[in-house]
Structure formats: C-alpha cells, structure tokens
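Notes for the one structure printed next.
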Amino acid sequence: MSNLRLLPFSEIVEVVLDKSRNNADSKQRIRGVVNEVYTLDIPKEYDWSFLKASSAISTIAEHKSGFASVTTQNTAVVLQSSNTISAAYTGRKIKFNGNANIYDFTFSQSTGGTVSPALSGITNVSTGGYTIFQNIYTLPADFDRFPVNGGLLFYSAGQPRPLPELLDDDYYEQAIASPTSTPENCRLVGYDTMGVRQFEVLPPPSQVYILLNEYIKVLPPMSENTMGTVVITSNQTAVTGTGTIFTQMNTGDYLRFDAFGKGADSVWYQINAISSDTNLTLAANFRKDSSVSGSFTISSAPRMPYRFQDALIYGSLRKLLPDEKDPMLAYADKEYTKIIVYNKNLEQSRHAKDDVELIAENYQYRR
C-alpha cells in the first residue's frame with residue numbers, strides 16, 4: 001500500500017490500469033480519462049468548497065469632462081482640446097447625450113478617437129456631452145463559473161451584496177446604457193484574446209469600485225515526469241538528475257524511485273524545492289538503507305480532499321469499461337455515485353457548531 005493517503009496522479013493511473021484490466025499500452029489513454037474525471041466530471045457535480053476561490057476586481061471611473069463632436073454617419077470623434085485621454089481608453093464604450101446608441105471607442109490621439117459603428121441618426125453631435133466608460137472586465141485566468149447565489153459582491157453599508165447574474169432575456173429588459181453610482185447586476189459576455197472569461201457590470205460603474213469576486217475555479221490537469229535518471233544519496237534530501245527537466249513540475253509534487261515499487265508498492269517523497277532542471281530537494285530524507293540511481297517518476301497530486309480519491313478511480317472505470325454487462329462497470333458506477341452523494345451531504349449538512357448526535361461521530365469512540 002502507498003505511504004500516502006492522497007495518491008499522486010501516477011499511482012491513481014496505475015490503480016485504474018489494474019482494475020480495468022487494460023495493458024500497459026493503454027496508460028496514455030487512462031491518464032486522459034483520469035484527468036477528465038478530475039477536471040470536468042467531479043467539479044460539475046456541485047459547487048464544492050475546495051473549488052471556491054476569490055479575487056478583487058477594480059472598476060474604472062467614467063470620463064465625461066468637457067465636450068465631444070462627431071458627424072452623423074462618421075466615426076471620427078473630437079474632444080475638447082483641454083480634455084486629454086490616452087491609449088488606455090481603447091476598448092471602452094462611449095455614449096453621447098441625445099444619441100441613444102452605445103459605441104465602441106478606439107483611441108487615436110490625446111484629444112480624440114473613433115467609434116464603431118458610425119454615429120447613427122440624422123443629428124450631429126456638436127460640442128455635446130458624452131461619457132466614456134468601461135463595462136467589460138476580465139475575470140481570473142482559473143475562473144470556471146460563479147457559485148449558486150453568489151459571485152460578484154458589492155459592499156453597501158459594510159454588507160456584501162451579490163450582483164445577480166443575468167441571462168440574455170433579463171439583460172435586454174433591465175440593461176441601462178448610462179453609468180450610475182451603484183451596480184445592480186452582471187452577466188458573462190465572452191473571452192479576452194488570451195481565452196480568459198469576461199463579465200459586464202450593469203449598469204456601468206460611474207466611479208472606482210473594488211468588487212470582490214467569489215468563484216468556482218478550474219482545476220489544472222495533473223501530470224507526471226519520467227524523463228532522464230536521478231541519483232539519490234541515502235539519508236539525504238538532495239536529488240541530482242541527468243537528462244531531467246525538473247522545472248516542468250512544481251514544488252509540492254511527489255517523487256518516486258521506480259525500482260522500489262510502483263502502484264500499491266509506491267513510496268513517495270514530497271518535493272520541497274526545485275532549483276534547476278537537474279537539482280531538487282525532498283521534504284524528508286530518502287531511505288537510510290541505500291543510495292540509488294536510475295529511473296524515477298515525479299507526479300502531481302489531486303487538489304481535492306482525499307475522500308474524493310475513490311471517485312477519481314471509479315469515475316475513470318465507468319468510462320473505460322465498454323461492456324455494460326461487466327459487473328465491475330455496475331459496481332464502479334454505484335461506488336462513484338455513493339462517494340459523490342456522501343460528499344454533497346457532508347458539505348450541505350455538516351457544521352462545526354452542530355452537536356455530535358451519533359456515537360460513531362464521537363472522536364473518543366473512533367480512537
């Protein structure tokens with residue numbers, strides 16, 4: 001049996017390989033399936049507490065100093081000469097007094113820019129009032145979704161208030177074009193050029209706010225590294241590699257010297273520091289009885305509580321066993337569902353303030 005409660009990715013793959021009765025050639029496919037269960041299947045089951053993260057998003061104050069001029073059916077906007085802007089204004093929105101539309105704004109010089117589409121209607125804007133504002137903001141790179149009944153928080157009188165997420169039908173009914181001092185809603189609107197999710201604040205903010213953002217994060221896929229060989233000295237923490245690329249992995253990952261066993265026979269050492277592609281340090285001394293050199297495995301571990309570990313295994317088996325009559329398939333499906341239901345119940349109903357009602361929950365009984 002492994003020396004860890006929470007098994008690293010490589011050992012989980014080896015367990016699934018054994019239980020699914022596949023040959024070693026299937027290992028690459030199994031790695032993909034395990035990651036699919038890890039990053040997609042389990043996270044979509046519920047807004048698990050271990051997936052919750054937070055960030056702070058600063059809004060941008062509107063700019064409405066002076067006046068603007070633009071001719072109908074044209075795109076060039078001229079601002080008052082004493083009213084300068086910068087390239088940072090590209091990508092914001094602009095609205096002119098007396099014109100109902102909202103336009104995309106692109107900076108071209110310190111006193112002007114262009115709008116898209118061209119100014120609508122039959123009336124020119126001549127030294128008229130306007131506002132340039134930002135209503136679209138970028139969420140953290142690991143954002144997946146807002147939690148149920150949560151998300152963007154706007155503080156009022158010291159009390160956090162979630163900004164409800166609008167669907168398109170509600171958006172078209174409730175959207176307000178002009179910036180105001182109090183945001184009321186939000187909606188997800190797409191992705192930036194780096195593929196990161198973006199959202200719209202409704203109404204657009206007229207001043208600077210710090211919006212706290214509570215969200216469900218995306219789990220990065222787990223990985224392993226077996227390139228090269230290593231030398232480990234007895235009762236030491238230093239590991240030296242040849243042909244290795246340790247920097248592809250992360251501090252906190254686990255290392256195993258393969259000659260001492262794989263699968264259930266694995267003995268893992270957590271990595272405390274990675275200083276280069278060929279040097280790393282373990283968090284605990286290597287075994288005392290021998291110094292070794294040869295093949296190794298460095299593996300990441302699931303970023304979730306250990307009680308989900310069997311769900312990773314059985315959830316993978318459900319996808320790998322093609323025969324519906326296979327008794328292992330029915331068993332795996334049942335065990336996966338049981339683990340998910342158990343963890344949902346645990347998150348929904350177990351609170352530290354509650355009294356212990358069952359003898360099995362008493363820590364003295366469990367000693």
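The values are calculated or read from the model by the stated rules, or taken from the named source; none is laboratory data. Bear in mind the structure is a predicted one, so any value in this text is a computation, not a measurement. FYI the Cβ positions are ideal-geometry reconstructions off the backbone, even for glycines, and counts take in every protein chain you see.
Scanning region 139-175 for residues that are closer than 30 Å to Gly112 by Cα and in contact with a Phe, Trp or Tyr (Cβ under 8 Å, 6 or more places away or on another chain) turns up just one, Leu139. Note on region 175-189: among residues that are of a type in the set (Ser, Thr, Tyr) and without any contact (Cβ under 8 Å) to a residue 40 or more places away in the chain, the one that is surrounded by the fewest Cβ atoms within 10 Å (Cβ to Cβ) is Ser181.
I'd like the full set of residues that are over 22 Å from Asp170 (Cα atoms) and either modelled with pLDDT of 95 or more or under 15 Å from the mean Cα position of the chain (by Cα) (or both), limited to region 193-205. Scanning region 193-205 gives Met194, Gly195, Val196.
Entry remark, region 225-249: residues being under 12 Å from Asn279 (Cα atoms), outside any strand (DSSP E or B), among the hydroxyl-bearing types (Ser, Thr, Tyr) and over 27 Å from the mean Cα position of the chain (by Cα) number 2 in total. For region 259-266, state whether one or more residues are surrounded by 15 or more Cβ atoms within 10 Å (Cβ to Cβ), closer than 20 Å to Ser300 by Cβ and modelled with pLDDT of 95 or more. No - not one qualifying residue is present in region 259-266. The residues of region 20-40 that are surrounded by fewer than 19 Cβ atoms within 10 Å (Cβ to Cβ) and either in the same structural domain as Ala283 (by TED's automatic domain parsing) or under 25 Å from the mean Cα position of the chain (by Cα) (or both), listed by number, are Gln28, Arg29, Gly32, Glu36, Thr39, Leu40. Only strands (runs of 3 or more DSSP E) whose full extent lies in region 103-174 are considered here, and the ones with at least 2 residues that are surrounded by fewer than 18 Cβ atoms within 10 Å (Cβ to Cβ) and touching a Leu at 6+ places or on another chain (Cβ under 7 Å) are 159-162. Got at least one residue in region 312-319 being of a type outside the set (Phe, Trp, Tyr), farther than 28 Å from Met249 by Cα and either surrounded by 13 or more Cβ atoms within 10 Å (Cβ to Cβ) or not assigned by TED's automatic domain parsing to the domain that holds Gly263 (or both)? Within region 312-319 (the criterion being of a type outside the set (Phe, Trp, Tyr), farther than 28 Å from Met249 by Cα and either surrounded by 13 or more Cβ atoms within 10 Å (Cβ to Cβ) or not assigned by TED's automatic domain parsing to the domain that holds Gly263 (or both)), the answer is yes, since at least one residue qualifies. So for region 250-257 (the condition being over 27 Å from the mean Cα position of the chain (by Cα) and exposed (fewer than 14 other Cβ atoms within 10 Å of the Cβ)), does at least one residue qualify? Scanning region 250-257 turns up no residue that is over 27 Å from the mean Cα position of the chain (by Cα) and exposed (fewer than 14 other Cβ atoms within 10 Å of the Cβ).
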